[in-house]
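Asks: Below is a structure I'd like to ask you about.
The values are calculated or read from the model by the stated rules, or taken from the named source; none is laboratory data. Keep in mind it's a predicted model, so treat the numbers as computed, not measured. Heads up, the Cβs are rebuilt from the backbone with ideal geometry, glycines too, and the neighbour counts pull from every protein chain shown. Note: areas computed on protein heavy atoms with side chains; ligands, DNA, RNA excluded. Shrake-Rupley method; radii C 1.70, N 1.55, O 1.52, S 1.80 Å.
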Amino acid sequence: MPEKATADARPILSLKGIGRRFGGLDAVRGVDLEIKPGERRAILGPNGAGKTTLFNLISGEFPPTSGTVHLFGEDVSALPARKRARMGLARTFQTSRLFGGLTVEDNVYLAVLGVRDGHLRPVLNHEDSEMRERAREIATQMGLGEVLDREVAELSHGEQRQLEVAMARATDPKLMLLDEPAAGLSRTERQTLTELLLGLPEDITLVIIEHDMDVALRVATWVTMMYEGQVIAEGTPDEIRANEMVHDLYLGRRHAA
Amino acid sequence: MNISVRSAPLTRPEKIGLGVIAVVALLAPVIFSNFFLSALLTQAIWLGLVALSLIFLSSYGGMVSLAQVAIFGIAGLVTANLSEAEGGLSVAIDPWLAAIIAILVAVAVALIFGAIASRSEGIYFLMITLAFGVMVYYFFGQVTSLAGHGGVNNVAIPGIVGDRVNDPASFYYVSLAVAAACYFGLRYLGRTPFGLTLQGIRDEPTRMRALGYHVEVHRTLAFGVAGLVAALAGVLFVWWGRRIGPGAVELATVIDVLVVAVIGGLYRLHGAWVGALAFVLLDNYTRRWTPEIGDILGPERFNTLLGLIFLAIVLISPGGLVGAYESLRDRVRAYFAGRRGDVQEDASLAPPAPDGASGAAAGAPADRPNGPVAAQADVTFQRSKTQTATPEIGGEE
Ligand SMILES: Nc1ncnc2c1ncn2[C@@H]1O[C@H](COP(=O)(O)OP(=O)(O)O)[C@@H](O)[C@H]1O
Ligand SMILES: [Mg+2]
């Protein structure tokens, strides 16, 4: 990305008054959010705060009940997930959604193919070798070089989480949404993951949901705090670390309403 | 639930075994009697093709479709009507042209079915495809201008294909060639962008959408591919029996094909013919073998015995006969791997993951002991009816 991520750069993602109701429950209500190109944003908040729902609204899993989503300057509120993906949006899932019956290489290959044309091609050709090359390269970068030929169902939990990120990375996204990538990882695995995230190209804009402060606050340059479907605080990692309300929420001493 | 269509690389005995099967298949007209060849083997080939279309959809696409027999029947009915025949329209065009048009019509219908069914999953998908099957059955029964009153009979067949009664070898070879083309074609397709995309959709449609894929379009086209296979079977069926009637698409046939697929193995393409052969042989011979046990069993109740055998296969091995074979092979392999010493075990799998694989799997990483089927098709099929399915087939010679 040639231009610098200045304060007045056009936002890569902009949510205006976005909300989502599930029956009687407002999972997300009236959230405004702007992400600038190249930004590293963490979204924090206790379980049930609406973070994953927010991701689902951004990625187009389901439509919002109110508000709009602008992606790369376009109103995408009515676009299905697959079209947003092809515009340069990639995401991971809180609980891994991998192709269990395929190998690691095939999984990443499908991520590479997804944003290109030729999903329906019923013959193999040189493009496939090139895409496989690319898939192996990304998987190796993400620390999966040893298990390329293993079926995903045989991977350890840690490897599966790495593959989640690798698949998002393999689409060469402009904006990447990571939903608790460190969930269930051991201490060393979390450190490896943090290094991987810090090593991502700078032109990939990153939004990360993460409970682990060591991961979230090291990767992020700006933090958004959610609670009961709303944004309740924003600031730099240091400000958030010092914020008492944040501490209370994470220690489980919840504020009433 | 993880379906993997990958098989382990073939071992030497397996390669030899396959070679023997190939030779027997090619020399079948010399080895077997005309009755065995035309009534049993050839029937197993087209029956296996219908099952293949079902197994393809379920193993690569995660869609257990009950509409394959309907597609098969439509192809058969169109072939019969366009060719010279008794009953039906008897348009009397060239049988090859009739077959080609029939296949196109059947694939078009499959695409329409697919477009409707592709939005639903699980039990809803099963019910919608069943509805298609029932719909086509009633169409056959009620539109007598097309389906005739006692079916469409004496259908003209192309000269080269040969009448299966007078020239069983030609017909057998034509069927064998069609089956082989479908089998190898689908295996190849599985490795292409189309096939891998389909497997991705089988495992995680949500992820596929998030990666930029159009899940419904893909499922619909997969239905079209499976429809092509079922349609080829339908044409072979009409040429084989030279007739088609509502019995060809009745519910009992739908169940038969499902039974064939399940006892063969829902997750391996070749399971289609393992199942079909087992089915055809049992169907033919249990009549004679069924023992007399008071009022409960007897030769006229051979279906009960048939049902019990199928039940036993499904209970013992969720992956059907192919699954049973694969798990047996894996056990034998693990046994020999174990005897060769523990050295191999240590050097087996590099990263000792917290919930890592237990050592025994060392030899064959690509192996799936047997397809964990149950979650998908936890429907138990039992042939308990006293009526024979596919009456066209029954009472041969
Ligand atoms: N698909 C859904 N249907 C119904 N309720 C949902 C759905 N997804 C999320 N919710 C509810 O919305 C609230 C927010 O959930 P979520 O966004 O997953 O929170 P977080 O990711 O912050 O833990 C929760 O109360 C959850 O039960
Ligand atoms: Mg969540």
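Asks: Work out, step by step, the length gained on full extension between B:R6 and B:S33: first 0.36 nm times the residue separation, then minus their alpha carbon distance; give nm to one decimal.
Replies: Gain in length upon complete extension: 6.1 nm.
Asks: Tell me which of B:G150, B:A80, A:F62 sits at the most positive position along the dipole axis of the protein assembly as shown, charges placed on C-beta atoms (Lys, Arg +1; Asp, Glu -1).
Replies: Working it through, the farthest residue towards the positive pole turns out to be B:G150.
Asks: Give the Rg/Rh ratio for chain A, taking Rg as the radius of gyration of the Cα atoms and Rh as the Kirkwood radius, to two decimals.
Replies: 0.97
Asks: Right, something else. How large is the helix-only mean residue ellipticity at 222 nm for chain A, computed as the sum of -39500 (n - 2.57) over DSSP H runs with n ≥ 4, divided by its residue count, in deg cm²/dmol to the nearest 500?
Replies: -10000 deg cm²/dmol
Asks: At a probe radius of 1.4 Å, figure out the A/B buried accessible area, summed over both chains, and give it in Å² to the nearest 100.
Replies: Approximately 3300 Å², summed over both chains.
Asks: Which order do peptides A:93-103, B:113-123 fall in by mean Cβ count within 10 Å, highest first?
Replies: Peptide ranking by packing, descending: A:93-103, B:113-123.
Asks: I've got another one for you. Just check region A:100-172 against the gyration tensor rule for me: Cα atoms, a ≥ b ≥ c as the square roots of the eigenvalues, rounded for a/c under 1.5, and otherwise prolate or oblate depending on whether a/b exceeds b/c.
Replies: prolate
Asks: Could you state the angle between the C-alpha long axis of helix A:157-169 and the longest principal axis of the C-alpha atoms of chain A, as a value from 0 to 90 degrees rounded to the nearest 10?
Replies: For helix A:157-169, the angle is close to 90 degrees.
Asks: Could I have the simple spin-label model distance between A:E74 and B:L308, label points 7 Å from Cα toward Cβ, reported in nm to one decimal?
Replies: 6.5
Asks: Could you pull the accessible area for B:H270 with a 1.4 Å probe, rounded to 10 Å²?
Replies: 70
Asks: What is the angle, in °, between the Cα long axis of helix A:187-198 and the longest principal axis of the Cα atoms in chain A? Nearest 10 is fine, range 0 to 90.
Replies: 80
Asks: Report the paramagnetic label zone for A:R121: residues of region B:182-197 whose backbone N is under 14 Å from a point 7 Å from Cα along the Cα-to-Cβ axis.
Replies: Within reach of a label on A:R121: B:191-197.
Asks: Can you tell me the relative contact order of chain A? Whole percent, Cα pairs under 8 Å, sequence separation 6 or more.
Replies: Reported relative contact order: 25 percent.
Asks: At a 1.4 Å probe radius, which order do A:S66, B:S65 fall into by accessible area, largest first?
Replies: A:S66, B:S65
Asks: Calculate the mean, over all residues of peptide B:214-221, of how many other protein chain Cβ atoms lie within 10 angstrom of the residue's Cβ.
Replies: 2
Asks: Can I ask one more? If DNA, RNA and ligands are ignored and the probe is 1.4 Å, what is the ranking of A:R20, A:R84 by accessible area, most exposed first?
Replies: A:R20, A:R84
Asks: Would you tell me the accessible area of B:L47, worked out with a 1.4 angstrom probe on the heavy atoms of the protein chains, in Å² to the nearest 10?
Replies: Accessible area, nearest 10 Å²: 10 Å².
Asks: Within 10 Å of each Cβ in A:84-91, how many Cβ atoms from other chains are there, averaged over the peptide?
Replies: Mean shielding count: 3.
Asks: How high is the FRET efficiency from A:E239 to B:I112, r the C-beta distance, R0 41 Å, rounded to 0.05?
Replies: Given R0 = 41 Å and the Cβ-Cβ separation, E is 0.10.
Asks: Order the peptides A:177-184, A:199-206 from the highest to the lowest mean number of other Cβ atoms within 10 Å of their residues.
Replies: Those peptides, ordered most packed to least, come out A:177-184, A:199-206.
Asks: Restricting to DSSP loop positions (anything but H, G, I, E, B) with no more than 15 other Cβ atoms inside 10 Å of their own Cβ, which GluC sites (Glu not before Pro) remain in region B:246-311?
Replies: Those satisfying the criteria are B:E292.
Asks: Please report, in debye to the nearest 20, how large the charge dipole of chain A is about its Cα centre when each Lys and Arg carries +1 at its beta carbon and each Asp and Glu carries -1 there.
Replies: Rounded to the nearest 20 debye, it is 680 debye.
Asks: Same structure again: Could you order A:R132, A:R41 so the one with the most accessible surface comes first? Probe is 1.4 Å.
Replies: The most accessible residue leads, giving A:R132, A:R41.
Asks: Which of these, A:I208, A:I58, A:I232, has the largest mean-square fluctuation under a Gaussian network model of chain A (Cα springs below 10 Å)?
Replies: Maximum fluctuation in the GNM of chain A, among the listed residues, is at A:I232.
Asks: Right, next: Counting only other chains, what is the mean number of Cβ atoms within 10 angstrom of the Cβ of each residue in peptide A:144-156?
Replies: Across A:144-156, the average partner-chain Cβ count within 10 Å equals 4.
Asks: Taking the alpha-carbon centroid of each part, what is the distance from region B:1-65 to region B:306-326 in angstrom?
Replies: 16
Asks: Take A:Q230 and B:N154, extend 7 Å from each Cα along the Cα→Cβ direction, and tell me the distance between the two endpoints in nm.
Replies: Between A:Q230 and B:N154, the label points sit 8.5 nm apart.
Asks: Shape of region B:26-250 from its Cα gyration tensor (a ≥ b ≥ c, root eigenvalues): rounded if a/c is under 1.5, otherwise prolate when a/b > b/c, or oblate?
Replies: oblate
Asks: Calculate, for region B:26-250, the solvent-accessible area per residue in square angstrom, rolling a 1.4 angstrom probe over the heavy atoms of the protein chains.
Replies: Normalised by residue count, the accessible surface of region B:26-250 is 34 Å².
Asks: First measure r as the distance between the Cβ atoms of B:E86 and B:N166, then evaluate 1/(1 + (r/R0)^6) with R0 = 25 Å and state the FRET efficiency to the nearest 0.05.
Replies: That gives a FRET efficiency of 0.85.
Asks: Another question, if that's okay. Taking 8 Å as the Cα distance limit and 6 or more residues as the minimum spacing, I'd like the relative contact order of region B:26-250 as a percentage.
Replies: 38
Asks: Size of the dipole of region A:100-172 about the Cα centre, Lys and Arg at +1 and Asp and Glu at -1 on the beta carbon, nothing else charged, in debye to 20?
Replies: 160
Asks: I would also like to ask the following. Within the accessible area of region A:100-172, what % is carbon and sulfur when the probe is 1.4 Å and the other protein chains stay in place?
Replies: Answer for region A:100-172 is 49 percent, counting heavy atoms of protein chains only.
Asks: Could you calculate the FRET efficiency of A:D149 with B:E14 from 1/(1 + (r/R0)^6), where r is the beta carbon distance between them and R0 is 22 Å, rounded to 0.05?
Replies: Once rounded, the FRET efficiency stands at 0.60.
Asks: Sort B:274-280, B:132-138, A:241-247 by the packing proxy (mean of other Cβ within 10 Å over each peptide's residues), most packed first.
Replies: Sorting B:274-280, B:132-138, A:241-247 by mean packing, highest first, produces B:274-280, B:132-138, A:241-247.
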